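Below is one structure; the comments refer to it alone.
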Amino acid sequence: MMTHRLSGDVASHNISNATTPGYSRQRADLQARQPWLSMVGPMGTGVKAVGIDRIQDGLLFQRLMDAGSDSGFGSSKVAVLQAAQTVVGIGDDDPVAASMNSFFQAMEDLSANPSGMAERQQVLDKAAQLGTTMAQVRDELDGIRKDLDAQLTGVVDEIQGRLDEIAVLNKEVRLTEASGGQANDLRDRRELLAREVADRIGAKIFSDDDGNLNLMLNAGGTLVEGDTASHLELQPNPSNGGLLDPVVVSGAGVRTVLDSSISGQLGGLLSSRDKELAKSILDLDTLAFEVAGQVNAIHQTGFGLDGVSGRNLFSNIAVVDGAASNLTVDAAVLGQPDAVAAAQNAGALPGDNRIALAMAALAQSDTMSGGTRTFSEYLLASESDLGAGLQNAQRDAQLHADRLSQLSSMRESVSGVSIDEEMVELTKAQRAFEAAAKVIKTGDELLETIMGLK
Amino acid sequence: MRVTDQQMFSTLTWRINRNWERLEKVQDQIASGQKINKPSDDPVSSARTGILDETLSRLDDMDRTADKASGFLEATEGALGQVSDLLIRARELAVQGASDGYDAQDRDDMAIEVRAMFDQLVALGNLDVNGRYVFAGFLSDQPAFQADGTYNGDSNELELRVSPGLQVKATLAGGQVFGAAGGGTDIFAVLDGLATALETDNTANIQNALDGLDTSLTQINSARSLVGSRLDSVQLAKGWNDRLRTGAKTQRADVRDLDLGKASMELAMAQQALQATLASTPRMMAQSLLNYL
């Protein structure tokens, strides 16, 4: 009777945990008792419960962790790159392309009226506007990169909390199981935590004979070993503008610095920060550097209305890094429309438009990417790269989310609780319990009959 | 395969989400009328669209400079037409002045008219379009000619870009058109000579001036035909710009614009799928052994 009562209890435990994340259904493991040798042969002695099993597929588990970390990688990347794409814009909403267009348009207008004060003022205004727009877009892209530090801190804290709990659970599982039996619910909780760690950083699981769940980074590096959880910290990387890089410090003090090659949400954040975003910013800097350099090279040879030559239109930019933030109208021409050089020859002032014409022609010259792209083609190619990065991340995220849901479904199929099934199980236990009670009653009646013999 | 309760619920929500996602995407496209709303929708096509957008805005710029170029050229053409009329009238006067049917008084009157023509010629040479003295070359901020016909400008002609990769000269240098700078005839000197000859009743010099007027007319007419051919180039360039614009717009429409018919079909399908999923979901959820125990 007690045994069947236990089966019923296990079924009701299952039902009450039907919606608990990570829960694996359990079954009372019933066995026939050791028979005794009667005169006519071995004779059954009934049933006993030898344990409560947890039903699960061990092979599925690592695959679930991998899918989780790939999906975490993709979805965190999508979130970051979507923000970047909004800054960059498309078509009419593309601020850099629009302001670059109007700058060269102003130059073209100047070529049609080289002595016009309004046209000269336009060139200065549009040049200043181009600089401001580029600086704004660059600032915002850079801001997204810097904001990621806060997100990294959050994710690292989440991982740390889970690693610590796994280490504690390792100890509890060992203690519980040392006194016999299986710590089913503790193991479920521990595996759920391991999956959550994998979502965030990508990890491999190694179980040992003592019942410990050990976690390693995919690329190597200990996360949890027995009772000891590694410590995660963030350190500034001076060669990357002081942005934070996560570091895993193992119990033995081994430091592993993580980069964009790791998986999981953390990897997605690092990868979008150090690959796509870094490239977008570099492209923008290169563009600003080249626009300033090439416009200046022509402008210097020309003459302003005051007959002075050798002036820059944009302030000289020495290095590509940060160029988009430093694109400003040079002090020598700032606020002095006269100083804009439209003329090639000092003797042909003010009607000479040849320098303005040459500067306007830069808009259509293939001067970028080794002489294969115009300024705006270069800009659009860079924006298209960002779009392609986002598209890949979206595809990856979708693919791995589907894979994850398929694997979860497979896991649910093996380990999940079906209420219908548990109801059947409960009814079965109830019937067996009733039957066992009937057996006792019958035995009792038999005994009573014997006792009645006088 | 075992189908468990959690598995069923998560599959149902996943299906509903997927259908919503599909519906939202089509809705987004229909609302904007474009297939591509973000670079990530289609990176290659979005870059293509961007380049076409830029081409179109460039063509608008070119059209505006082309309009300015034709403005200069048409004004020049008009001025040269008047010069030509003026020279024809001067030639009539010269022919009359050379004949014996007119006396000294008549010739003095003619001389006065010729002197007035001289001033008109200076005024025509100092034609000013939007503040630019078009016949003054690059020295366009001051009148091209002094009152005595001396040329103040230089020999440069203003070139403008009227179509991608095509530049057209939009002005003529007055020194060549009216003066002898290009090896031609100095029309001012011819008129001055004619006036003087009329005043002094020097028929031989009037005859000389008549020859001068003929070469002057030829000079003006060849300048007019040059202006005409430049105007033609500008018109051709504008036509070419239009063709390029149509091409770019068609391409952009192909790449970016939505086929509304197809999208409406897609919308109807997505809607239907979502409705069916929503309708079947409660039925799935209602199935349980508990209903019968």
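What follows draws every value from the coordinates through simple rules; no lab data is involved. Just so it is clear, the model here is predicted, and its values are computed rather than measured. Every residue, glycine as well, gets a Cβ built from its backbone with ideal geometry; the counts of neighbours run over all protein chains shown.
Within straight cross-link reach of A:LYS48, meaning Cα distance under 29 Å, which lysines are found once same-chain residues fewer than 8 apart are removed?
In chain and number order, the partners are A:LYS428, A:LYS438, A:LYS441.
Apply the Karplus parameterisation 6.51 cos²θ - 1.76 cosθ + 1.60, with θ equal to phi minus 60°, to every residue of the range A:146-154 and state each ³J(HN,Hα) to the nearest whole Hz, in sequence, with x for glycine and proline.
In residue order, the calculated couplings are 5, 4, 5, 4, 5, 5, 4, 4, x Hz.
Could you work out the relative contact order of chain A? I mean the mean sequence separation of Cα pairs under 8 Å and 6+ apart, divided by the number of residues, in percent. Intermediate values should be presented prior to the final figure.
Numbers: 765 pairs, mean separation 106.2, N = 454.
Reported relative contact order: 23 percent.
Amide H of A:LEU232: which non-local residues (sequence gap of 5 or more, or other chain) have their own amide H closer than 5 Å, using H built in the peptide plane?
Here the answer is A:VAL249, since their amide H atoms fall under 5 Å of that of A:LEU232.
With each pseudo-label sitting 7 Å past Cα toward Cβ, what's the A:GLN151-B:THR150 distance in nm, one decimal?
Output for this residue pair reads 7.5 nm.
Between A:ILE52 and residues 5 or more places away or on another chain, which pairs have amide H atoms under 5 Å apart, with H built 1.01 Å from N, and which residues are they?
The list, which skips near neighbours in sequence, is A:ASP29, A:GLN182.
What is the packing order of peptides B:27-35, A:97-105, A:403-411, taking the mean over residues of other C-beta atoms within 10 Å and listing the highest first? Walk me through the intermediate numbers first.
Numbers: B:27-35: 15.1, A:97-105: 22.2, A:403-411: 18.1.
Result, highest mean first: A:97-105, A:403-411, B:27-35.
Starting from the amide H of B:LEU258, placed 1.01 Å from N in the peptide plane, find each other amide H under 5 Å away whose residue is 5 or more places distant or on another chain.
Here the answer is B:GLN34, B:LYS35, since their amide H atoms fall under 5 Å of that of B:LEU258.
Distance between Cα centroids, the range B:166-224 to the range A:373-414: provide it in whole Å.
For the range B:166-224 versus the range A:373-414, the Cα centre distance is 76 Å.
Ignoring everything except DSSP H segments at least 4 long, calculate the 222 nm mean residue ellipticity for chain A; use -39,500 (n - 2.57) per segment, divide by total residues, nearest 500. Don't jump to the answer; show the numbers that get you there.
Details: 10 runs with 259 residues, N = 454.
Result for chain A: -20500 deg cm²/dmol, rounded to the nearest 500.
If I model a spin label at B:LEU289 and A:ASP366 as a point 7 Å from the Cα along the Cα→Cβ vector, what separation in nanometres do I get?
The modelled label-to-label distance comes out at 7.3 nm.
Go ahead and set up a Gaussian network model of chain B, Cα springs under 10 Å, then flag whichever of B:SER70, B:SER280, B:SER57 fluctuates most.
B:SER280
Need the C-alpha centroid separation for the range B:7-37 versus the range A:94-156, integer Å.
36
Which whole number gives the average, over all residues in A:96-103, of C-beta atoms from other chains lying within 10 Å of the residue C-beta?
On the way: counts 0, 5, 3, 0, 1, 5, 2, 0.
Average neighbour count from other chains, rounded to a whole number: 2.
Could you go through the range A:181-194 in sequence order and give the Karplus-derived ³J(HN,Hα) for each residue, using 6.51 cos²θ - 1.76 cosθ + 1.60 with θ = phi - 60°, rounded to whole Hz, and x for Gly and Pro?
x, 10, 8, 4, 5, 5, 5, 4, 4, 5, 5, 4, 4, 4
Per DSSP H run of at least 4 residues, take -39500 (n - 2.57); add these up for chain B, divide by its residues and hand me the 222 nm value, nearest 500 deg cm²/dmol.
Result for chain B, helices only: -25000 deg cm²/dmol.
By its C-alpha gyration tensor, with a ≥ b ≥ c as the square roots of the eigenvalues, how is the protein assembly as shown shaped: rounded for a/c under 1.5, else prolate for a/b larger than b/c, else oblate? If you can, show how the numbers build up before the last one.
Numbers: a/c = 7.06, a/b = 3.35, b/c = 2.11.
The shape class here is prolate.
Across the range B:249-260, in residue order, what do the Karplus-derived ³J(HN,Hα) couplings come to in whole Hz, using 6.51 cos²θ - 1.76 cosθ + 1.60 with θ = phi - 60° and x for Gly and Pro?
These are the phi-based 3J(HN,Hα) values: 5, 4, 4, 5, 4, 4, 6, 9, 6, 8, 7, 4 Hz.
Considering the dipole of the range A:65-182 built from charges on the beta carbon (Lys and Arg +1, Asp and Glu -1) around the Cα centre, which of A:ALA98, A:ALA67, A:THR176 is farthest to its positive end?
Of the listed residues, the answer is A:THR176.
Translational diffusion coefficient of the range B:154-198 at 25 °C, 0.890 mPa s, Stokes-Einstein with Kirkwood Rh over Cα pairs, in µm²/s as a whole number.
On the way: Rh = 12.5 Å.
Translational D for this selection: 197 µm²/s.
Of B:LEU274, B:LEU293, B:GLN120, which is farthest towards the positive pole of chain B's charge dipole, taken about the Cα centre with +1 and -1 on the beta-carbons of Lys, Arg and Asp, Glu respectively?
B:LEU293
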